[in-house]
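Visitor: Quick one: the structure is below, and I'll ask about it shortly.
The values are calculated or read from the model by the stated rules, or taken from the named source; none is laboratory data. Note that the coordinates shown come from a computational prediction; the quantities given were computed from them, not determined experimentally. Positions of Cβ are backbone-derived with ideal geometry, glycine not excepted, and every protein chain shown enters the neighbour counts.
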Amino acid sequence: MAVAKASTAAKKTRAPRKILSAAELKVELEKAKKRVQELEQKAYAGELEEAIKATSIVTEFAKLKEKVKAADVSDVALFAAIGKAVGIKRLVVTQAAAAKRAPKKAS
């Protein structure tokens, strides 16, 4: 017959909760605000895309792109000019380099 072992080890008590300083709380608050902002962007991304597609912004951008095609103006410069004309302050438009695939390894 199997006999159940009785637990004789004392249960560990929970460590006391650490009290955060004001500076640590401010850091936590900034992290939380950033997470909320990212969540809002994700939540409203679909609505924003639908609103843009429903307007004539896409066709107007295509027309602008055709007009400046002969001058070899990049899309980045075009977006920056649009942002300036609209009045968006501190707008920075950059274009990342195309991601390169790793070369195939020889077997």
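Visitor: Which one is farthest from the chain's Cα centre (by Cα) among residues in segment 18-32 that are modelled with pLDDT of 90 or more and basic (K, R)?
Guide: Checking each candidate, the answer is K26.
Visitor: Within segment 37-54, is even one residue outside any helix (DSSP H, G or I) and within 25 Å of the chain's Cα centre (by Cα)?
Guide: The initial filter retains those residues of segment 37-54 that are outside any helix (DSSP H, G or I), namely none.
The answer is no, given that none of the residues of segment 37-54 is outside any helix (DSSP H, G or I) and within 25 Å of the chain's Cα centre (by Cα).
Visitor: What pairs can you find where one residue is in segment 37-62 and of a type in the set (D, E), the other is assigned to a helix (DSSP H, G or I), and their Cβ atoms are less than 8 Å apart, with a gap of 6+ or different chains?
Guide: Close Cβ pairs (under 8 Å, with a partner that is assigned to a helix (DSSP H, G or I)) do not exist here.
Visitor: Please go through segment 57-86 and pick out each residue that is charged (D, E, K, R), assigned to a helix (DSSP H, G or I) and either exposed (fewer than 11 other Cβ atoms within 10 Å of the Cβ) or at pLDDT 85 or above (or both).
Guide: Step one: list which residues in segment 57-86 are charged (D, E, K, R), which gives 60, 63, 65-67, 69, 72, 75, 84.
From the residues that got through so far, the ones that are assigned to a helix (DSSP H, G or I) too are 60, 63, 65-67, 75, 84.
Of everything in segment 57-86, those that are charged (D, E, K, R), assigned to a helix (DSSP H, G or I) and either exposed (fewer than 11 other Cβ atoms within 10 Å of the Cβ) or at pLDDT 85 or above (or both) turn out to be E60, K63, K65, E66, K67, K84.
Visitor: Return yes when A32 is part of a helix (DSSP H, G or I) and more than 20 Å from T94 (Cβ to Cβ) and no when it is not. It would help to see each step written out before you state the result.
Guide: Working: part of a helix (DSSP H, G or I): yes; more than 20 Å from T94 (Cβ to Cβ): yes.
Taking the combined requirement at face value, the residue satisfies it.
Visitor: Looking at the structure I just gave you, is A99 of a type outside the set (S, T, N, Q), under 22 Å from the mean Cα position of the chain (by Cα) and not in a helix (DSSP H, G or I)? Walk me through how you get there before you give the answer.
Guide: Numbers: of a type outside the set (S, T, N, Q): yes; under 22 Å from the mean Cα position of the chain (by Cα): yes; not in a helix (DSSP H, G or I): yes.
When the stated conditions are applied, A99 passes them.
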